[in-house]
Amino acid sequence: MNNNQVGVILIILGMLFFSIQDAMIKNIVSNTSLVQIIVCRSIVGCLLLSVFLFLSKRSINLSSSYPLVAITRGALFFFGFTLFYISISQIPLAEATSLFFVSPLFMTIFSKLILKSSIGLQRTFAMLLGFSGTLLIIKPGYGTFNFFMVLPIITALTYSFSMVLAKKTSDKDSHFQQTFHIYLAGIIIGVPLSLSYGWFFSDINNSFLKPWEVSDIHIILLISVISVVGSLGIICLISAYNIGSPMANAPSEYVILIFSFLIGYIIFREMPDIYSIIGIILIVFSGIYIFLRENAKKEMVSIKTTLRT
């Protein structure tokens, strides 16, 4: 088995972990503080990542050569994925996950604005196709518009911006450091928010700022499992992209849509309508095409550079 095959297996395993995590959060988010889940997952993530680095004989480095960018990325991840977890409490898991996968479209736009990458006609067409799929899922003006369907798109927007910033700072901050920054942001932002509940927001009844559950062993156990499973998913992705090539690995991430569809149907009895299914297919096709097109372009540049030397 070659490195790319191992990388794809790790991607699929990581996506399975994320699907299980999302399903468990969906199951308990209406009765539990979402901030508690995020903070606990961040703490466990820091611990497991530290153990992983120690066992693999890598250094543990929490610092950043770009502190302001690191803070921005951490905050974007915290608030972006908070919105995603709120959305899955209100809309089908498969649709929320699919809407998040418009992120390659946003990455293309941000790459143009920040990294000064070029956008050709074919990628523009793929972007329009992906956004068409998004409209089929959220159905604006169709009489069934749901505000919560906008939240995964905002998550995709914040995630894409974060990933472009990560690319811009990857010359000095490793992906391990960048992962630590995201976890630390979850703790640093989440703990004060939770403490502020009793001072400012005690009259607000929502899953985001509920008081923490510390007496229900069942809830605490579920949050612990969510934290471990989510952290294992991150470690699988980091390992996959260390072992295999991005071109082979990244399209495999779309397997999470299959997992989300199956879990949503089996556990929550969710079945997207025909318009949403068509929209999901368009988003998947658009995202994979943009990714393969980008990598093919990089490979061509590499070949031309090699021929000149």
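Read-outs: derived from the displayed coordinates by stated rules, not from any lab. Every value quoted in this text rests on a predicted model; they were computed, and no experiment measured them. Here the Cβ positions follow ideal geometry from the backbone for every residue, glycine too, while neighbour counts run over all protein chains shown.
For the range 41-146, a simple Cβ point-charge model (Lys and Arg +1, Asp and Glu -1, everything else neutral) yields a dipole of about 340 debye relative to the Cα centre. Phi-derived couplings, Karplus 6.51 cos²θ - 1.76 cosθ + 1.60 at θ = phi - 60°, listed residue by residue for the range 51-60: 4, 4, 5, 5, 5, 8, 6, 10, 6, 9 Hz, with x used for Gly and Pro. Simple spin-label estimate for ILE274 and ASN242 gives 4.8 nm between the two label positions (7 Å along the Cα-to-Cβ direction from each Cα).
The charge dipole of the range 3-308, taken about the Cα centre with unit charges on the Cβ atoms of Lys, Arg (+1) and Asp, Glu (-1), comes to about 1120 debye, rounded to the nearest 20.
Evaluate E = 1/(1 + (r/R0)^6) for VAL214 and PHE147, where r is the Cβ-Cβ distance and R0 equals 41 Å; express this FRET efficiency to the nearest 0.05. Write down the numbers at each step before the final one.
Working: r = 32 Å, r/R0 = 0.78.
For R0 = 41 Å, the calculated efficiency reads 0.80.
The stretch between LEU292 and LEU55, if pulled fully straight at 0.36 nm per residue, gains 81.9 nm over its current Cα-Cα span. In this rough spin-label picture, where each label sits 7 Å from Cα along the Cβ direction, the ASP171-ALA75 distance is 2.5 nm. Pairs spanning more than 22 Å between alpha-carbon atoms, out of LYS112/LYS167; LYS139/LYS210; LYS57/LYS168; LYS26/LYS167; LYS116/LYS167; LYS116/LYS172: LYS139/LYS210; LYS57/LYS168; LYS26/LYS167.
Given the choices [x] 118; [y] 162; [z] 149, volume of the Cα convex hull per residue in Å³ derived from the coordinates of this structure is entry [y]. Pairs of Cα atoms nearer than 8 Å and 6+ residues apart set the relative contact order; for the range 3-308 it is 43 percent. Projecting the Cα atoms of PHE268, CYS236, ILE288 onto the charge dipole of the range 3-308 (Cβ charges, centred on the Cα centre) puts ILE288 farthest toward the positive pole. Whole-Hz Karplus values for the range 89-94 come out as 7, 10, 10, x, 4, 5 Hz, taken residue by residue from phi with 6.51 cos²θ - 1.76 cosθ + 1.60 and θ = phi - 60°; glycine and proline positions read x. Each label was represented as a point 7 Å from its Cα along the Cα-to-Cβ direction; for ILE267 and LYS139 these points are 2.5 nm apart. Available extension along the chain between LEU128 and VAL6 is 40.6 nm, counting 0.36 nm per residue and deducting the alpha carbon span. Protection proxy ranking, highest mean first, for peptides 61-74, 254-267, 11-24: 11-24, 254-267, 61-74, where packing is the per-residue count of other beta-carbon atoms within 10 Å, averaged. Between SER89 and LEU221, the contour length at 0.36 nm per residue exceeds the Cα-Cα span by 45.5 nm. Think of the range 49-181 as having a plus end and a minus end, set by charges on the Cβ of Lys, Arg, Asp and Glu; of HIS175, PHE81, ASN146, HIS175 sits farthest toward the positive end of this dipole. The sum of -39500 (n - 2.57) across all DSSP H runs of n ≥ 4, divided by the residue count of the chain, sets its helix-only mean residue ellipticity at 222 nm to -26000 deg cm²/dmol. Remark: the range 178-185, residue by residue, has Karplus-estimated 3J(HN,Hα) of 5, 5, 4, 4, 5, 5, 5, 5 Hz, where x stands for each Gly or Pro and the curve is 6.51 cos²θ - 1.76 cosθ + 1.60 at θ = phi - 60°.
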